[in-house]
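Presented below is the structure to which this report refers.
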Amino acid sequence: MARPVERRRHRTRQRREVLELLAATDEFISARQVHARLRERGSTIGLTTVYRTVQVLADAGEIDAVRLGSGEQHYRRCRDGHHHHHLICRHCFRTVEITGPAVEAWSRQIGGEHGYTDINHTVELFGTCNDCRQVAG
Ligand SMILES: [Zn+2]
Ligand SMILES: [Zn+2]
Ligand SMILES: [Zn+2]
């Protein structure tokens, strides 16, 4: 009888570990990076668990997921719980949360013009952040 409870506690702790790491991270990072950074902090969490945990958190909308670099999913815990977009440095993946009122109005208008409902969209902006620009000279 104690076992399911133990497992549940275990999952809760792993979830909290991942959320705390992402909350303290400014850039989008991959599941492998989440795993490596948690291990550096002394965590015993396994890579498979990290992959499963970030997937569950992303599905629940608690963290954001964006395919970056070679197409691997990267994750970030954003402060804005509402719909927003990202300005992402293409070198270090440091990210600024942005809103796009013009994009929202445009997507509603275009959808309406064509009789489509339930429109959603994915818009991310990519650039070179100030730090990366200075490194490049
Ligand atoms: Zn976000
Ligand atoms: Zn950068
Ligand atoms: Zn939008």
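The values are calculated or read from the model by the stated rules, or taken from the named source; none is laboratory data. This is a predicted model, so every value here is computed, not measured. Here Cβ is always computed from backbone atoms with ideal geometry, including for glycine, and neighbour counts include all displayed protein chains.
A compact table of results
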{"item": "Extreme residue, nearest to ligand 2 (Cβ to nearest atom), among residues of the range 101-126 that are in a loop (DSSP other than H, G, I, E, B) and within 21 Å of Leu68 (Cα to Cα)", "result": "Val123"}
{"item": "Residue that is farthest from Phe28 (Cα to Cα) [pool: residues in the range 120-129 that are modelled with pLDDT under 95 and of a type in the set (S, T, N, Q)]", "result": "Asn120"}
{"item": "Pairs where the first residue, in the range 77-105, is within 14 Å of Thr122 (Cα to Cα) and the second is more than 15 Å from ligand 1 (Cβ to nearest atom) and in a strand (DSSP E or B), C-beta under 8 Å, 6+ apart", "result": "Leu87/Gly127; Ile88/Gly127"}
{"item": "Residue tally, condition away from ligand 3 (no atom under 15 Å from the Cβ) and in contact with a Lys or Arg (Cβ under 8 Å, 6 or more places away or on another chain), over the range 73-87", "result": "2"}
{"item": "Evaluation of Arg67 against (1) in a strand (DSSP E or B); (2) within 16 Å of ligand 2 (Cβ to nearest atom) (one fails), failing number", "result": "(2)"}
{"item": "Pair list, Cβ < 8 Å and 6+ apart or interchain, from the range 113-135 residues that are in contact (Cβ under 8 Å) with a residue 12 or more places away in the chain and of a type in the set (A, V, I, L, M) to residues that are part of a strand (DSSP E or B) and within 16 Å of ligand 1 (Cβ to nearest atom)", "result": "Val123/His85; Leu125/His85; Leu125/His86; Leu125/Leu87; Leu125/Ile88; Leu125/Ile98"}
